[in-house]
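Colleague: Input: one structure, supplied below.
We did not get these values from a lab; they are worked out from the coordinates using the rules stated. Since this is a predicted model, take the numbers as computed values, not measurements. Note that each Cβ is placed from the backbone with ideal geometry, even for glycine, and that neighbours are counted across all protein chains shown.
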Amino acid sequence: MAADFTFSWFEVLLFVLAGYLLIYGRFFRNRHINLPPGPKGWPVIGSLLQCGKQVPIKFHEWSQIYGDVFSVKLGTELVVVLGSHDAIKEAFVKKSESFAERPKRWSLSIATKNKGITTPWPEWKHTRKFIVRTFRELGAGKQVMEERVCAESDILVEYIVNNKPTDLTRVIYNAVSNVLCSELFGTRFRYDDDDFKILMKTMSLNVSAITDANILTFFPLLWYLPTSLKSKFLALQSALASYVENRIKECRQAMHGGDPDSVAEAFLQRDDWDDGKIGDLAQIGKGLLNAGADTTASVLMWAILYLAMNPEIQEKCYSEIAHVVGDEAHVRMRNRSKLPYIEATCLEIYRCSTVSPLGVPHGTTTDVDLYGYRIPEDTMVLGSLWSVHMDEKMWPSPREFKPERFLDANGEVVNRERVIPYGLGSRDCLGSELAKMEVLIFTTRLIQKFKFKLPSGCVAPPMHGKFEFVRHPHPYDVISEARH
Ligand code: HEM
């Protein structure tokens, strides 16, 4: 219990000293290594203050000063940042074995109980492979996934209030979370279901708790102190895990014995399944909810904002969809090649929104050489997707929203491989196939049904967005005018 811990000042001082000696032991070891260059930070806090609130923008500036690979001290943590497409490819694809871990840090280990996927858990490879296969079977094989996304996009349309300035964040979150629940547990929920409302509330609190708890990664000694940051973070993680565990138990009761139609059912049908593993499966499910809902919802919120701010682009998208599939049929993944302007618009949405600007931290499995520098084992490595997507040499006027930059003179889509919202390599986004489907089907369904406009006289929100763990747009109201 938090209140039972009392320390004298002398004990605190001893504790802090011991901790920093330990950490600086590592620092002195690293001093003799040929680390990538980077900004000089202060003792103890490193360069945290220089980063400010717009960390990816600062990292982009530093990559222009120090090069494609630079290092920075954040608190007590040495972080290596990869600031270009080439550097990310070199590390995460070509030297994937050395960069494939997640860093062994307390926040990650405690939050995941060292289980799940986004975790320094020895079994992550095995688990990841199984989930990718299950998603593939639900997606490509039986097309259950696409049907579910189409059905949810129609329900979303019903919930969107016409002609009244409205913030759509909540309904968009409901829709993408419901798709995830369908994939994970085989059931969707009514948006007014009490259990679903609790899940939504817990997930939204969890997003801020994860962002706030970042500081604990950079000052790991804080984990030993009974701070409210830590207790809030742990309480929300455990609430989410027990929610998932209850859904898995329901799923087990409803199992029909045929081909699995959800991730939970696929696990429950495995030969090596026993009920003692239910906690592990809950951690896996929790990880998928954490990783999949906020990111996808944020891309869709950016999409609506960019469309509302660019009526001509919105109309071009509508005309192409109306011409190729009409007003009623859903756009399907197989239609993509016939919809180059839509594909270009989605690429531009991904690029301009870059909702995961620094990806998920990687950890080195061994001392490794990169671009002539030496990176020590278990160093935190971040791929700056923001730098890739804001590279002026590749994307002139990178802050402008211009789908045309992805179309050549013949109207063919170009440079799609230079947009990497899902990362690269063996730890890239595990849910990317589902997410791509959701972004395409939801965005096109909304364009088919509505004309989005910013309320007259209203100033667009600041477009730099809020850089949290996920990059969100600032809250905004939009008018959704029904087309038919
Ligand atoms: C548009 C939406 C999404 C974006 C932009 C996105 C982006 C990313 C990125 C950048 C990473 C880190 C890659 C790396 O470490 O190099 C990642 C990892 C991950 N994503 Fe996504 N993601 C999205 C949706 C989803 C969805 C829907 C799911 C689940 C169904 C999901 C599950 C995961 C998981 C589990 C990981 C960690 C993989 C691992 O550690 O091996 N993501 N995502």
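Colleague: In the chain, what percentage of the DSSP-assigned beta bridges are antiparallel, given to the nearest 5?
Modeller: About 80 percent, rounded to the nearest 5.
Colleague: Follow-up. Can you list which of the DSSP-assigned H helices in the chain have a Cα extent of 30 Å or more along the long axis and an average Kyte-Doolittle score of at least -0.5?
Modeller: 9-31, 194-218, 228-253, 278-309
Colleague: Quick check: residue separation of Gln64 and Arg374 times 0.36 nm, minus the Cα distance between them. What number comes out in nm?
Modeller: Gain on stretching Gln64 to Arg374: 109.6 nm.
Colleague: Under the √(5λ) rule applied to the eigenvalues of the Cα gyration tensor, what semi-axes describe the equivalent ellipsoid of the stretch 402-482? Give them in Å, descending.
Modeller: Equivalent ellipsoid semi-axes, largest first: 26, 20, 15 Å.
Colleague: Applying a 10 Å radius around every beta-carbon, put 58-64, 291-297 in order of their mean neighbour count, most first.
Modeller: Ranking, from highest mean packing down: 291-297, 58-64.
Colleague: Let me ask something else about it. Which value in nm describes the separation of the simple spin-label points at Arg133 and Thr187, placed 7 Å from the Cα toward the beta carbon?
Modeller: So the label points at Arg133 and Thr187 sit 2.8 nm apart.
Colleague: Taking 20 °C and 1.002 mPa s as the conditions, I'd like the Stokes-Einstein D for the stretch 140-205 in µm²/s, using the Kirkwood hydrodynamic radius from alpha carbon pairs.
Modeller: Roughly 169 µm²/s, to the nearest whole number.
Colleague: Please list, or write none, the lysines whose alpha carbon is within less than 24 Å of the alpha carbon of Lys73, excluding same-chain residues fewer than 8 places away.
Modeller: Lys40, Lys53, Lys58, Lys89, Lys95, Lys104, Lys230, Lys466
Colleague: Enumerate the whole-percent occupancy of each 20 Å bin, from 0 to the last occupied one, for all C-alpha pair distances of the chain.
Modeller: That works out to 22, 55, 22, 1, in percent per bin.
Colleague: Once you compute Rg and the Kirkwood Rh from C-alpha atoms, what is the Rg to Rh ratio for the stretch 330-484?
Modeller: Taking Rg over the Kirkwood Rh, I get 1.02.
Colleague: Place a +1 charge on the Cβ of each Lys and Arg in the chain and a -1 charge on the Cβ of each Asp and Glu, then give the dipole magnitude about the Cα centre in debye, rounded to the nearest 20.
Modeller: Value, rounded to 20: 820 debye.
Colleague: Can you pull out the chymotrypsin sites (Phe, Trp or Tyr not before Pro) in the stretch 246-313 whose DSSP state is coil and whose Cβ has at most 14 other Cβ atoms within 10 Å?
Modeller: Passing both the DSSP loop test and the Cβ count: Trp273.
Colleague: A follow-up question, please. Work out the FRET efficiency for Leu225 and Ile33 from their Cβ-Cβ distance, taking R0 = 30 Å, and round it to the nearest 0.05.
Modeller: Once rounded, the FRET efficiency stands at 0.45.
Colleague: Among Asn415, Gln314, His362, flag the residue with its Cα farthest along the positive direction of the charge dipole of the stretch 2-482, charges on Cβ as +1 for Lys/Arg and -1 for Asp/Glu.
Modeller: His362
Colleague: So which trypsin sites (Lys or Arg not before Pro) in the stretch 149-253 are both in a DSSP loop and have at most 12 other Cβ atoms within 10 Å of their Cβ?
Modeller: Arg190
Colleague: Of Gln54, His472, Val44, which is farthest towards the positive pole of the stretch 2-482's charge dipole, taken about the Cα centre with +1 and -1 on the beta-carbons of Lys, Arg and Asp, Glu respectively?
Modeller: The listed residue farthest towards the positive side: Val44.
Colleague: Based on alpha-carbon atoms only, what is the radius of gyration of the stretch 234-338 relative to the globular estimate 2.2 N^0.38 Å?
Modeller: 1.57
Colleague: Continuing with this model, one more query. Given the Cα atoms of the stretch 169-255, and with Rh set as the inverse mean 1/r over their pairs in the Kirkwood sense, what is Rg to Rh to two decimals?
Modeller: For the stretch 169-255, the value is 1.06.
Colleague: Quick check: from the Cα gyration tensor, does the stretch 313-364 come out rounded (a/c under 1.5), prolate or oblate?
Modeller: prolate
Colleague: Trp42 to Arg170: FRET efficiency via 1/(1 + (r/R0)^6), r the Cβ-Cβ distance, R0 30 Å, to the nearest 0.05?
Modeller: With R0 = 30 Å, the Cβ-Cβ based efficiency is 0.15.
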